[in-house]
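Okay, so here's the structure we're looking at.
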Amino acid sequence: MPQISAVQVDQTIDISAEICPMTFVRTRLALDRLASGQTLLVLLKGDEPKRNVPATARQLGHTVLAEDIMPDGSMRLLLRRK
């Protein structure tokens, strides 16, 4: 997987204060607004969102480019829209 800093990020959303299922609802809405091939950086926190958001994005055909766990336990997730 590439480093997030090495990839152009087209949009960023912070869903670290959200809980499931709103974490993926917000992510999906942001992905739907992007053109095919554009990237979305998602900032999230919590075990359930860290498992579910990347898995659901993959199930919908999007590509997970990077998953970075930060020192505070949060995650930076980089997705490419299908």
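Since every read-out is calculated from the coordinates, none of them should be taken as a lab result. Every value quoted in this text rests on a predicted model; they were computed, and no experiment measured them. Note: ideal-geometry Cβ built from the backbone for every residue, glycine included; neighbour counts use all protein chains shown.
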Would you calculate, for the chain, the mean residue ellipticity at 222 nm contributed by helices, counting each DSSP H stretch of 4 or more residues as -39,500 (n - 2.57) and dividing by all residues, to the nearest 500? -9000 deg cm²/dmol
What does the charge add up to near His62, with Lys and Arg as +1, Asp and Glu as -1, over the other residues with Cβ less than 14 Å from its Cβ? +3
For P(r) over Cα pairs in 5 Å bins from 0, in percent, several values are listed as (i) 3, 15, 29, 26, 15, 7, 3, 1, 0; (ii) 3, 16, 32, 28, 16, 4, 0; (iii) 3, 15, 26, 23, 18, 10, 4, 1; flag the one computed from this structure. (ii)
Which ³J(HN,Hα) values in Hz, rounded to whole numbers, follow from the phi angles of segment 14-22 under the Karplus curve 6.51 cos²θ - 1.76 cosθ + 1.60, where θ = phi - 60° and Gly and Pro get x? 10, 10, 5, 8, 8, 10, 5, x, 5
Could you work out the relative contact order of segment 1-73, using alpha carbon pairs under 8 angstrom and six or more residues apart, expressed as a whole percent? 40 percent
